[in-house]
Amino acid sequence: MTDVAAEPRVDTLMQRVLDADNRHDPYPLYARIRSRPVFREPDGSYVVCGYAEVSALLRDPRLSADPVNSPAPVGPGFSFLNMDPPQHDRLRRMTMRHFGPPNDPGRVEAMRPHLLTMTTSLIDALKGRDEIDLVADVAYPLPVTVVADLLGVPREDEPKFHVWAEAIVQAADRDPRDRRPSEGIQNALVGLGGYMMGLIEARRSAPRDDMLSRLVHDDGPDGAMNPAELTTTAILLLLAGHETTVNLIANGMLTLLRMPDMMRRLREEPGIEIPMVEELLRYEPPVHMTFRSTLADVEAGGVTIPARSAVRLLIACANRDPARFEDAERFIPDRPNNQHLGFGSGIHACFGAPLARLEGQIVLRELARRLVAPRLVDDPPPYRINPALRGPRSLRVQIEGVVD
Ligand code: HEM
C-alpha cells in the first residue's frame with residue numbers, strides 16, 4: 001500500500017517535471033501526478049493531467065488562449081494560435097481554405113512525391129558515414145524546408161530563412177516559465193517579419209503556385225487578410241510547423257531504436273507506419289503541454305478553477321491515462337482506441353496535422369528501411385530544455401551503411 005504521508009505533494013512533483021534533469025523521462029512523474037487529475041500550484045496556477053479533464057478543457061469556451069486574459073497579461077496574441085473567437089475563427093478559416101478540405105482537399109496528398117524526394121536526398125547524404133545525428137541531419141532540415149516550400153519561400157532565400165529559423169529554435173529552447181523577452185527571438189522575428197512582408201508584396205503583383213500567393217489573393221467569403229495578418233499567419237505556419245515535427249521524427253526514431261522489434265515491423269509491414277505514427281503521437285508526443293486562462297469559474301475533476309487563473313494542460317500525461325487507454329504505458333501501434341491528444345483538440349486543434357502525419361510516416365519508414373544496423377550512441381540522448389516542446393537536442397546513431 002502507498003504511504004500517503006511519504007508521497008511528495010503533486011505540486012512538488014510538477015516542479016520536478018519542469019526540472020531539466022528529468023526531461024529524458026517525465027513519465028514516472030506524470031503517473032504519480034495523475035492521482036489528482038486537477039490541482040493548484042503554490043503560485044495559484046492550475047495543472048490538469050487526467051485525459052477526461054484535459055480533453056474537456058481544450059474544448060471549453062470558458063478557457064482563453066489569448067495572453068491578454070492571463071493573470072499576468074503580456075499583450076494580445078501574436079497569431080491565431082493565441083487568439084479567441086471570433087478573430088481566431090476568421091483567420092483560421094481563411095488559412096485553412098488553402099490547406100485542406102473542402103476547398104483544397106488534395107493539397108497535402110499532392111506533397112507526397114516531393115516529401116519522398118526531400119527525404120531521399122537527406123538520407124542519401126548520410127552515405128559513407130558511420131555515425132550520424134538524426135536531429136541535425138534529418139529531423140530538423142526536413143520540416144523547415146517543407147514548410148518553406150509550402151509557403152513559397154524561394155530556394156535561393158533559404159539560407160537567410162534558415163538563420164532566422166535556427167535563431168527562433170534556439171530562443172524557443174528555454175523554460176516557458178521564463179517570460180523575459182529574448183533578444184534572439186525578437187531579432188529573428190523582426191528579420192523574418194520584414195522578409196515575409198517583402199515576399200507578400202512580391203506575390204501581390206506576381207502570384208505563383210504557393211500558399212502565400214493564395215492567401216494574398218484570397219477572394220473567399222471572409223474577404224482578404226491585411227498585411228499584418230498575412231505576416232503573422234505566415235510566421236505561425238513556419239514556427240508551429242517545424243519545432244514540433246522535429247520532435248516527432250527524433251522521438252519516433254529514439255522509441256524505435258529502443259524497440260528493435262518495432263523497427264523491424266516498420267521495415268517489413270506495409271502500412272504499419274500509419275498506426276505507428278499515431279501511437280508515437282500518444283506515447284511520445286512532441287508537445288507535452290499547452291496553456292490557457294479561465295474567463296469564468298470552471299469545474300474540472302471535482303476542483304473549481306477560479307476565473308482568471310493560469311491553467312497548464314498536460315497533454316503527454318493525459319495521453320498515458322490508464323482510465324482512457326488500456327496498457328497506457330506500453331507502445332502498442334495496433335491499439336484499437338487511439339484518440340490521443342497529441343494534436344490538441346477543440347478550436348485550436350493542430351492545423352498542420354495531415355502534413356505532420358505524412359512527413360512522419362514517410363521519413364520514419366525510409367529511415368527504418370535504409371539505415372543498416374542503426375545503434376544509439378547515447379541513451380538517453382541530451383534533451384532540449386523546453387518542457388513543452390520536448391525532444392532530443394541531438395540523436396547520435398552509429399550505422400553500418402545506407403541502402404538505396
Ligand atoms: C508532429 C507535428 C505537430 C504536432 C505534434 C503539433 C501539435 C499541435 C498542437 C498540440 C496544437 C494545439 C495547441 C494548443 O491547443 O494550444 C497545434 C496547433 C497548431 N499547429 Fe500543430 N503540430 C504539429 C505540426 C504542425 C504543422 C506541420 C503545422 C503547419 C503546417 C502546424 C500548424 C499549427 C497551427 C497553425 C496551430 C494553431 C491552430 C489554431 O490555433 O487554430 N502544426 N499543433
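Where a number appears in this text, it was derived from the coordinates with a stated rule and is not lab data. Only a predicted model underlies this, so the values are computations on that prediction, with no experimental measurement involved. Heads up, the Cβs are rebuilt from the backbone with ideal geometry, glycines too, and the neighbour counts pull from every protein chain shown.
Students often check this: by mean Cβ neighbours within 10 Å, which of 261-269, 118-126 ranks highest, and how do the rest follow?
The peptides rank, most packed first, as 118-126, 261-269.
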Would you grab the residues whose amide H sits under 5 Å from the one on Ala300? Only those 5+ places off in sequence or on another chain, please, with H modelled 1.01 Å from N. Ile305
HN-Hα J couplings of the stretch 367-383 from phi, Karplus 6.51/-1.76/1.60, θ = phi - 60°, integer Hz, Gly and Pro as x? 5, 4, 6, 9, 7, 8, 6, x, 9, 5, 8, 10, 9, x, x, x, 10
Gain upon complete extension [Arg59, Ala353; 0.36 nm per residue less C-alpha separation]: 104.1 nm
Pop the C-beta distance of Lys160 and Asn226 into the FRET formula with R0 = 30 Å and round what comes out to the nearest 0.05. 0.75
If I stretch the segment between Gln170 and Val74 completely, what's the gain in nm (0.36 nm per residue apart, minus their alpha carbon distance), one decimal? 32.4 nm
Simple spin-label estimate for Ala202/His114, 7 Å along Cα→Cβ, in nm, reads 1.6
Check which residues have an amide H placed less than 5 Å from Tyr46's amide H, if you skip close sequence neighbours. Glu41, Ala310, Val311, Arg312
From DSSP H assignment alone, runs of 4+ in the chain each adding -39500 (n - 2.57), the sum over residues rounded to the nearest 500 puts [θ] at 222 nm at -13500 deg cm²/dmol
How far, in nm, would the chain grow between Ala136 and Ile274 when pulled straight, counting 0.36 nm per residue and subtracting the alpha carbon separation? 47.2 nm
Beta bridges per DSSP with both ends in the chain, % antiparallel, nearest 5: 90
When the Karplus curve 6.51 cos²θ - 1.76 cosθ + 1.60 is applied with θ = phi - 60°, which whole-Hz ³J(HN,Hα) does each residue of the stretch 216-228 get, with x for Gly and Pro? 5, 9, 4, 10, x, x, 8, x, 10, 6, 7, x, 5
Please identify every one of the GluC sites (Glu not before Pro) in the stretch 294-360 that sits in a loop by DSSP and has no more than 15 other beta carbons within 10 Å of its own beta carbon. Glu326, Glu329
Relative counts (whole %) of C-alpha pair distances in the chain, using bins that are 20 Å wide: 26, 59, 15, 0
So for the stretch 236-308, what percent of the C-alpha to C-alpha distances run longer than 19 Å? 53
What do you get for trypsin sites (Lys or Arg not before Pro) in the stretch 288-362 restricted to DSSP loop and a cutoff of at most 13 other Cβ within 10 Å of the site's Cβ? Arg330
Send over the per residue convex hull volume for the stretch 246-359, Cα only, as a whole number of Å³. 115
Given that compact globular proteins tend to follow 2.2 N^0.38 Å, what is the ratio of the alpha-carbon Rg of the stretch 292-404 to that value? 1.43
Give a residue-ordered list of calculated ³J(HN,Hα) values for the stretch 387-404 (Karplus: 6.51 cos²θ - 1.76 cosθ + 1.60, θ = phi - 60°; whole Hz; x for Gly, Pro). x, 8, 9, 9, x, x, 6, 9, 9, 7, 9, 8, 10, 10, x, 9, 8, 7
To the nearest 20 Debye, how big is the dipole of the stretch 309-404 about its Cα centre, given +1 on the beta carbon of each Lys and Arg and -1 on that of each Asp and Glu? 260
If Lys and Arg each add +1 and Asp and Glu each add -1, what is the summed charge of the other residues whose beta carbon sits under 14 Å from the beta carbon of Pro76? -3
Between beta-carbons, use under 15 Å as the cut-off and find the net charge around Glu329, counting Lys and Arg +1, Asp and Glu -1. +2
Taking 7 Å along the Cα-to-C-beta vector as the label spot, tell me the Asp25-Ala296 distance in nanometres, rounded to one decimal. 4.5
